[in-house]
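Report on the following structure.
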Amino acid sequence: MSDAHVAIIGAGPAGLIAAEILSAAGKRVVVYERMPSVARKFLMAGRGGLNLTHSEEFERFLTRYRDSASRLRPILEGFTHGDLVAWANGLGAETFVGSSGRVFPAAMKASPLLRAWLTRLAKQGVEIRTRVNWLGWEEDGALRFNENGKQASVRTDATLFALGGASWPRLGADGSWRDPFEARGVEVALFQPANVGYTVAWSDHFRSRFAGQALKNIAIRHLARTSLGEAMITAYGIEGGAIYALTSELRAAAPTGIRIDLRPDLRPQHVIEKLTKAKPGDTLSSTLRKSLNLPPVAVALLYENGPPPRDPEQLTNLIKAIPITLNAPHGIDRAISSAGGVTWNAVDENLQLRVIPDAYVAGEMLDWEAPTGGYLLQACFATGVHAARAILRR
């Protein structure tokens with residue numbers, strides 16, 4: 001391998017956006033990726049509609065990052081959701097804002113955008129080498145790689161690591177970089193699943209009948225926090241945006257209980273009034289369907305802990321707060337993202353490692369987490385941009 005001015009290790013969104021910025025400024029950039037192709041998790045994220053970012057007001061947007069908000073503020077201010085939209089539009093992936101405020105490319109897929117992006121990078125002279133596994137550092141600080149069974153060393157002016165977290169390891173990010181980092185004295189927080197479903201001991205009937213069906217327009221309450229949105233019943237338990245928004249609290253408390261409000265848009269008194277107007281001869285299931293427009297999956301959930309009370313007030317209390325016990329996260333290998341990684345104390349304001357000069361970190365390698373809704377990709381792009389600009393200022 002020949003030496004590169006800047007080596008970028010990891011060809012996900014953070015690494016590729018950094019390569020774009022550095023190469024546009026005239027730097028020679030080589031991107032190393034251990035998988036056979038680039039941006040596999042990015043492509044997976046786009047299968048159900050590529051949610052690039054979110055259009056909400058910045059201060060509210062920032063709160064989604066919870067404990068890392070203050071550290072991410074200058075980084076997200078430097079590359080906002082508006083900047084990401086303009087970038088996507090510039091690649092021909094015109095975007096639109098959905099009813100929930102989420103931002104998508106019109107094609108709803110990642111592949112057209114990625115093809116245009118890789119074409120731009122190639123025109124700017126970026127070299128992308130796949131099936132190259134980074135192993136660590138040589139004693140003199142050179143990067144050590146394995147390519148096609150042969151080991152090689154590369155010396156660089158600067159290195160950006162964008163190797164991802166530890167979720168969905170089959171897509172390339174397995175957290176195996178942790179050992180060489182810790183061997184060099186870099187502080188790395190334990191990896192934990194984020195944006196993940198939780199196991200629930202459903203009855204056999206409920207599991208077999210309703211796995212794969214969604215509870216829409218609900219509220220989930222855990223301790224002092226409430227999340228509005230949608231949740232999906234699965235064979236193992238429950239997942240979805242309304243669960244993911246509470247991910248850090250649920251993970252810390254599991255096993256723990258939540259309460260599901262099937263009609264958060266109605267006050268309890270309004271629910272009682274609707275129930276009392278039901279026809280005397282209707283079954284309870286029919287009453288719930290006709291009076292409150294509850295789908296079968298929601299009605300069945302009311303029966304999970306036994307027959308619901310017929311008294312309108314007691315039934316309303318259950319409809320507004322169905323108790324569900326979450327036993328454990330489903331597992332990091334099925335999580336959308338991961339918490340943990342290189343701690344904020346291990347990097348400076350430029351995302352440069354404090355103990356390894358001219359080595360930078362971006363993307364999910366850093367110890368931050370956020371719910372789905374565009375916040376994950378936004379921070380990955382923004383940290384890649386931030387680190388690339390810092391390298392240019394060296």
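Figures for the structure shown
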| quantity | calculated |
| --- | --- |
| Long-range neighbours under 9 Å by Cβ, at least six apart or interchain, first residue at positive phi within region 320-340, second of a type in the set (A, V, I, L, M, F, W, C) and part of a strand (DSSP E or B) | Gly340/Val188; Gly340/Ala189; Gly340/Leu190; Gly340/Phe191; Gly340/Ala194 |
| Test: residue in region 338-348 that is buried (at least 16 other Cβ atoms within 10 Å of the Cβ), over 28 Å from the mean Cα position of the chain (by Cα) and modelled with pLDDT of 95 or more | no |
| Residues satisfying the stated conditions in region 153-193, i.e. among the aliphatic types (A, V, I, L, M) and either surrounded by 15 or more Cβ atoms within 10 Å (Cβ to Cβ) or in the same structural domain as Glu249 (by TED's automatic domain parsing) (or both) | Val154, Ala158, Leu160, Ala162, Leu163, Ala166, Leu171, Ala173, Val186, Val188, Ala189 |
| Some residue of region 91-98 being in contact (Cβ under 8 Å) with a residue 60 or more places away in the chain and either surrounded by 14 or more Cβ atoms within 10 Å (Cβ to Cβ) or assigned by TED's automatic domain parsing to the domain that holds Tyr244 (or both) | no |
| Scan of region 270-306 for residues that are in a helix (DSSP H, G or I), touching a residue at least 12 places away in the same chain (Cβ under 8 Å), more than 16 Å from Asn217 (Cα to Cα) and among the small types (Gly, Ala, Ser), ordered by number | Ser285, Ser291, Ala300 |
| Total residues in region 233-269, condition surrounded by 16 or more Cβ atoms within 10 Å (Cβ to Cβ) and either assigned to a helix (DSSP H, G or I) or of a type in the set (Gly, Ala, Ser) (or both) | 12 |
| Test: Ser167 is under 19 Å from Asp333 (Cβ atoms) and without any contact (Cβ under 8 Å) to a residue 12 or more places away in the chain | no |
| Identity of the residue in region 206-232, of a type in the set (A, V, I, L, M) and not in a strand (DSSP E or B), that ends up surrounded by the fewest Cβ atoms within 10 Å (Cβ to Cβ) | Ala224 |
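Each row is one residue, and each column tells you yes or no for (1) assigned by TED's automatic domain parsing to the domain that holds Arg64; (2) among the charged types (D, E, K, R).
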{"site": "Ala300", "(1), (2)": "no, no"}
{"site": "Glu304", "(1), (2)": "no, yes"}
{"site": "Gln314", "(1), (2)": "no, no"}
{"site": "Lys320", "(1), (2)": "no, yes"}
{"site": "Ala339", "(1), (2)": "yes, no"}
{"site": "Val342", "(1), (2)": "yes, no"}
{"site": "Ile356", "(1), (2)": "yes, no"}
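The values are calculated or read from the model by the stated rules, or taken from the named source; none is laboratory data. Values in this document were obtained by computation on a predicted structure and should not be read as measured data. Don't worry about glycine lacking a Cβ; one is built from the backbone with ideal geometry, like all the others, and counts go over all protein chains shown.
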